[in-house]
Amino acid sequence: MCLAVPMKIVSRDGDNIIAEVDGVSKEASLMLLGEDVEVGDYVIVHAGFAISKLDEEYAKETISLMKEVFSGEDMA
Amino acid sequence: MKFQDEFRDRELVQNMASNIHRMAERLTVPVNFMEVCGTHTMSIYQYGIRSLLPENVRLVSGPGCPVCVTPIGYVDKALAITEDTKNILATFGDMLRVPGSSSSLMEKRAAGADIRIVYSPLDAVMLAKDYPDRRVIFLGVGFETTAPTIAASILEAARLDINNFCVLASHKTMPIPMEILTCDPDLKLNGYLCPAHVSTVIGGNAYKPLAEKYNIPCVVTGFEPADVMQGIEMLLAQTLHGKSKVEIQYSRAVNWKGNPKAQAILSRIFEPCDAVWRGLGILPGSGLAIRPEFAEYDAEQMLSLNVPDAAENPACLCGEVLKGKLTPFDCPLFATVCTPESPVGACMVSSEGTCAAAYKYGR
Ligand code: SF4
């Protein structure tokens with residue numbers, strides 16, 4: 001029920017977007033989102049609403065930090 | 001960047017596990033970290049995270065599945081609504097199987113009641129528009145992730161001048177139950193993996209009073225396996241350094257302030273109220289009630305729903321499972337009498353319920 005999924009915006013018409021994940025597309029409303037988003041951005045969609053924008057920079061940063069800190073040789 | 005695959009990298013997760021093992025050697029006593037959110041519980045079972053952790057780092061499941069904490073009296077009210085043929089009951093799918101005291105919505109629907117599953121509360125508003133002679137009642141359950149979507153739908157109904165739409169609201173809010181659980185001497189909690197999507201709305205700052213007042217580390221953590229492992233590692237690091245602060249692991253989606261627009265819409269429609277949590281009882285200020293200005297959208301005000309007090313099935317240990325005191329495996333009904341097809345308690349219904357997650361992945 002809490003299901004919320006990261007989806008990519010494929011089109012936008014005012015406050016309505018179509019977003020896609022794994023080939024499934026869904027309509028969602030931007031009514032609850034304060035940040036500006038455009039086609040190509042990722043948002044978290046829950047119950048028909050985009051509730052948060054996913055920050056690609058932070059995502060990359062998190063992953064590279066993880067890989068750096070938790071590199072294989074370090075663990076031996 | 002799909003925001004998922006890289007956070008599921010096996011080797012990365014294994015390396016993180018080794019690091020956690022190393023850190024855990026420095027612990028003098030075992031630690032108990034609670035994953036508050038049902039989606040964490042699901043992910044932890046699905047990816048076998050418990051099996052990657054050392055024995056002295058324990059994860060306990062918390063009350064963060066909204067379907068599971070919904071009291072039986074609420075289900076009884078929903079059942080009562082279906083008695084009137086004028087009504088159309090609209091709901092998210094996973095409320096259907098939750099047992100009330102005499103029946104479930106699933107059984108009512110099989111017997112002919114008009115119950116529709118919707119994906120978004122906006123779909124329920126559209127239903128009301130399409131059936132002007134009927135009354136559409138939407139079951140409003142969920143935490144701060146969901147409550148703004150329902151608030152927005154009420155505003156949309158008002159904008160479209162739709163007056164045959166209302167909400168039976170039983171929303172709950174987050175940091176308060178964590179406070180109660182922190183104080184529970186039986187649980188001895190040492191840290192929280194804080195809810196991820198709830199925090200997109202309320203922001204990391206919402207946990208600061210909790211962390212400061214009770215000296216308990218809080219890390220807002222994402223749902224992928226590498227997120228969960230990093231969250232655990234951050235909690236361990238705080239524990240080992242004697243720190244108790246709020247950190248945001250899930251920085252790609254959560255910031256300190258949350259989503260102010262969603263917060264504003266939420267508080268335009270809802271105000272705090274006392275709420276009954278299955279397993280935890282009445283917690284002051286932990287629920288959301290529709291404000292009197294919007295009473296025409298409040299099913300409690302518009303319909304007379306007098307249902308007798310009901311008690312949960314005494315054999316179901318959901319209450320203890322929701323507090324993290326027992327695991328589903330401690331329940332004698334688990335996987336025998338109680339299964340997802342015929343659940344005894346709500347924890348077996350929702351896919352985020354601890355019992356359902358344990359049934360699907362944990363045996
Ligand atoms: S297994 Fe079923 S009966 Fe037992 S605690 Fe879970 S939901 Fe309740």
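Set side by side, the residues B:GLU300, B:GLU341, B:GLU312 differ, and just one is loosely packed, with under 15 Cβ neighbours inside 10 Å and more than 14 Å from every other protein chain (Cβ to nearest Cβ), which is B:GLU341.
Within the set B:GLU341, B:GLU352, the sole residue that is modelled with pLDDT of 85 or more, more than 8 Å from the ligand (Cβ to nearest atom) and on the phi < 0 side of the Ramachandran plot turns out to be B:GLU341. Evaluating B:TYR359 against the criteria (1) aromatic (Phe, Trp, Tyr); (2) within 16 Å of the ligand (Cβ to nearest atom); (3) in contact with a helix residue (DSSP H, G or I) (Cβ under 6 Å, 6 or more places away or on another chain); (4) modelled with pLDDT of 90 or more leaves one unmet condition, (3).
Could you list, in sequence order, the residues of the range B:76-112 that are of a type in the set (Val, Ile, Thr) and surrounded by fewer than 21 Cβ atoms within 10 Å (Cβ to Cβ)? If you could, list the steps in order and put the result at the bottom.
From the range B:76-112, those of a type in the set (Val, Ile, Thr) are B:81-82, B:85, B:88, B:91, B:98; that's our starting set.
Answer for the range B:76-112, where residues must be of a type in the set (Val, Ile, Thr) and surrounded by fewer than 21 Cβ atoms within 10 Å (Cβ to Cβ): B:THR82, B:THR85.
Among the residues making up the range A:18-48, a single one is within 13 Å of the chain's Cα centre (by Cα), surrounded by fewer than 24 Cβ atoms within 10 Å (Cβ to Cβ) and facing chain B (nearest Cβ under 8 Å): A:LEU33.
Counting residues in the range B:283-298 that are within 16 Å of the ligand (Cβ to nearest atom) and of a type in the set (Val, Ile, Thr) gives zero. Per the listing B:ILE88, B:ILE72, B:ILE81, B:ILE20, the residue uniquely of a type in the set (Val, Ile, Thr) and either outside the structural domain of B:ALA147 (by TED's automatic domain parsing) or closer than 28 Å to B:SER244 by Cα (or both) is B:ILE20. All conditions but one from (1) closer than 22 Å to B:ASP5 by Cβ; (2) modelled with pLDDT under 85; (3) not β-branched (Val, Ile, Thr) apply to A:GLY40; the one that does not is (2).
Quick check: is even one residue across the range B:138-160 part of a loop (DSSP other than H, G, I, E, B) and without any contact (Cβ under 8 Å) to a residue 24 or more places away in the chain?
Step one: of the range B:138-160, the residues part of a loop (DSSP other than H, G, I, E, B) are B:143-146, B:160.
With the extra rule that they be without any contact (Cβ under 8 Å) to a residue 24 or more places away in the chain, the set shrinks to none.
No, every residue in the range B:138-160 fails to be part of a loop (DSSP other than H, G, I, E, B) and without any contact (Cβ under 8 Å) to a residue 24 or more places away in the chain.
Of the residues in the range A:49-65, how many are among the β-branched types (Val, Ile, Thr) and surrounded by fewer than 18 Cβ atoms within 10 Å (Cβ to Cβ)?
Residues of the range A:49-65 among the β-branched types (Val, Ile, Thr): A:51, A:62-63.
Filter again for surrounded by fewer than 18 Cβ atoms within 10 Å (Cβ to Cβ), leaving none.
The total comes to 0.
Quick check, is A:GLU68 loosely packed, with under 13 Cβ neighbours inside 10 Å and either at pLDDT below 90 or on the phi > 0 side of the Ramachandran plot (or both)? Considered against the rule, which asks whether it is loosely packed, with under 13 Cβ neighbours inside 10 Å and either at pLDDT below 90 or on the phi > 0 side of the Ramachandran plot (or both), A:GLU68 comes out as yes. Within 27 Å of B:VAL220 (Cβ to Cβ), within 14 Å of another protein chain (Cβ to nearest Cβ) and among the polar types (S, T, N, Q), is that true of B:THR91? In short, no.
Go through the range B:194-285 and tell me which strands (runs of 3 or more DSSP E), entirely inside it, have 2 or more residues that are modelled with pLDDT under 95 and away from every other protein chain (no Cβ under 14 Å).
Working: elements: B:218-220, B:246-248, B:270-277.
So the answer is B:270-277.
Scanning the range A:7-22 finds no residues that are free of Cβ contacts under 8 Å to residues at least 40 places away in the same chain, under 30 Å from B:CYS68 (Cβ atoms) and in contact with a Gly (Cβ under 8 Å, 6 or more places away or on another chain).
Return yes or no: is B:VAL254 away from the ligand (no atom under 16 Å from the Cβ) and of a type outside the set (Phe, Trp, Tyr)? Steps first, please.
Numbers: away from the ligand (no atom under 16 Å from the Cβ): yes; of a type outside the set (Phe, Trp, Tyr): yes.
For B:VAL254, the condition - away from the ligand (no atom under 16 Å from the Cβ) and of a type outside the set (Phe, Trp, Tyr) - is met.
Here are some residues: B:ARG109, B:ARG159. Which one is within 14 Å of another protein chain (Cβ to nearest Cβ) and among the basic types (Lys, Arg)? Going through B:ARG109, B:ARG159 in turn, just one is within 14 Å of another protein chain (Cβ to nearest Cβ) and among the basic types (Lys, Arg): B:ARG159. For the range B:1-55, the set of residues classified as of a type outside the set (Lys, Arg), more than 14 Å from chain A (Cβ to nearest Cβ) and surrounded by fewer than 14 Cβ atoms within 10 Å (Cβ to Cβ) consists of B:THR28, B:VAL29, B:PRO30, B:GLY48, B:SER51, B:GLU55, listed by residue number.
Scanning the range B:316-338 for residues that are among the hydrophobic types (A, V, I, L, M, F, W, C), without any contact (Cβ under 8 Å) to a residue 60 or more places away in the chain and within 6 Å of the ligand (Cβ to nearest atom) turns up B:CYS316, B:LEU317, B:CYS331, B:LEU333, B:PHE334, B:CYS338.
The values are calculated or read from the model by the stated rules, or taken from the named source; none is laboratory data. Computed from a predicted structure; not experimentally measured. Ideal geometry is used to build each Cβ from the backbone, glycine not excepted, and the neighbour counts take in all protein chains shown.
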